[in-house]
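Read the figures in this text as sums done on the coordinates, not as results from a lab. Note that the coordinates shown come from a computational prediction; the quantities given were computed from them, not determined experimentally. With ideal geometry, Cβ positions are generated from the backbone for all residues, glycine too; neighbour counts draw on all protein chains shown.
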Amino acid sequence: MRRATIAAALIATVVLGCAVDAGHYTAVLDDLAVPDSWTTARTVVQAPGAELDCTPTFMSGSCPRVIRFYHSDQTRLAAFDAAAAVVADSRFDFPERELWCPRTSGPCSFVVTKGDERLAVNVYPPGEDDGWLFPVAEPDLVLIRMIADGK
């Protein structure tokens, strides 16, 4: 009987994951003071039964999560610097070694954490995106993608 109880608790933990809902991660993104020049291109909620369905597990912090795309008329490097400043101002732990931005081309990225929250940021050159499910690139605008989820 004890083994069955332990097994049931373990299965519930693995299947249900953490109790944080996607609304929490929407609030994390809403609380960021992004530049006024950035426009929200799209927000995607990934959660059980949401636009992008997923199943929470103990081993992954990526369900639920919220993905927000912004457009900017800044250069890729200026948008990257602005994104880094926004995140630093929001008191995320900002390990310098995680900053990655090739100076000539391609996307820039970094990942930061605050408590149990993780924020992944990617900045794409004009006309490029991650090639994922939600193409939101514009030919003359930089694309900033921010993903808020759990660690």
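Miscellaneous remarks
- Spacing of the modelled spin labels on ASP116 and ASP140, each 7 Å from Cα toward Cβ, amounts to 4.6 nm.
- Computed label-point distance, nm, for sites THR55 and SER90 using a 7 Å Cα→Cβ extension: 3.0
- Extended-chain gain in nm, criterion 0.36 nm per residue less alpha-carbon gap, LEU133 and ASP36: 32.3 nm
- Calculated FRET value between ASP21 and ASP81, using beta carbons and R₀ = 30 Å, to 0.05: 0.40
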